[in-house]
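Notes follow the structure.
The values are calculated or read from the model by the stated rules, or taken from the named source; none is laboratory data. No experiment lies behind these values; they were computed from the predicted model shown. Positions of Cβ are backbone-derived with ideal geometry, glycine not excepted, and every protein chain shown enters the neighbour counts. What goes into the accessible areas is simple: the full protein's heavy atoms, side chains included, and nothing from ligands, DNA or RNA. Shrake-Rupley method; radii C 1.70, N 1.55, O 1.52, S 1.80 Å.
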Amino acid sequence: MALCLKQVFNKDKTFRPRKKFEPGTQRFELYKKAQASLKSGLDLKTVVQLPPGESINDWIAVHVVDFFNRINLIYGTMSEVCTEKSCPIMSGGLKYEYRWQDDHRFKRPTKLPAPKYMSMLMDWIETLINNEDIFPTRIGVPFPKNFQQVCTKILTRLFRVFVHVYIHHFDSIISMGAEAHVNTCYKHFYYFISEFSLVDQRELEPLSLLSCLHQLQQAPSSTETFYQSLYLLPLFQTGNEWKEFPHPQ
């Protein structure tokens, strides 16, 4: 019997504390507007569009933080079944391997178990979104010139969480009755990054068929349907070797 979503997505299971918007700020108001649109039943392609008169950087900042919170919650729930033993490599099926690289500890693309990769990822994102020089919260403080490039790196890596969770842990999503929530979160994420061209199309290949199904309103609702999608996925890809995705430059 499936658990209710409140039981499945418990805040105690998040990898990191939720990043919140300060009440009374413009970004808080934008966040409320975005959430209201989500709950209104509007088409998600419409929901992600920039509201008239709003700053695109503020809109992107709000969504990056929100997606971090939501994907953090999803993976935190999966973390009990995603272990170094079950997932010794951070991958997306047999064709995609993600290697970790940063400017400090890992200066070259490095193979890591999925849980370690996720931990490094969440630490990295949390540091960025808490950096006032990159995500300014004070009124009148401008965004840096490379803000959207930074967000592209964040969203590219967050997409890899969806890849790993969908391909390696979809059974767990199904057993918890959480597939509708995860599908909606992915669909929202996909439409947002597509609306503003924030992630390279090559990075989207591992879930290309799933994205097509979402656009056709046929997102997988069962393990059988999803694995049928995976069976067809090679038809949309080329080559038989691993594709390695290092730190997005």
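Values computed for the structure shown
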item: Boolean, residue 94 is in a loop (DSSP other than H, G, I, E, B) and not hydroxyl-bearing (Ser, Thr, Tyr); result: yes
item: Top-ranked residue in region 149-158 [being out of contact with any helix residue (DSSP H, G or I) (no Cβ under 6 Å at 6 or more places or on another chain) and crowded, with 17+ Cβ neighbours inside 10 Å; ranked as nearest to residue 107 (Cα to Cα)]; result: 153
item: Selection within region 40-81 - open to solvent by 60 Å² or more (accessible area, probe 1.4 Å), touching a helix residue (DSSP H, G or I) at 6+ places or on another chain (Cβ under 6 Å) and not in a helix (DSSP H, G or I); result: 50, 81
item: Within region 140-165, tally of residues that are more than 15 Å from residue 199 (Cβ to Cβ) and at pLDDT 90 or above; result: 8
item: Filter result for residue 99 (buried (at least 17 other Cβ atoms within 10 Å of the Cβ) and of a type in the set (Lys, Arg)); result: yes
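Condition check ((1) surrounded by 15 or more Cβ atoms within 10 Å (Cβ to Cβ); (2) within 18 Å of residue 67 (Cβ to Cβ); (3) not aliphatic (A, V, I, L, M)) across all residues:
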residue: 88; (1), (2), (3): no, no, yes
residue: 110; (1), (2), (3): yes, no, yes
residue: 115; (1), (2), (3): yes, no, yes
residue: 121; (1), (2), (3): yes, yes, no
residue: 125; (1), (2), (3): yes, yes, no
residue: 128; (1), (2), (3): yes, yes, no
residue: 140; (1), (2), (3): no, no, yes
residue: 146; (1), (2), (3): no, no, yes
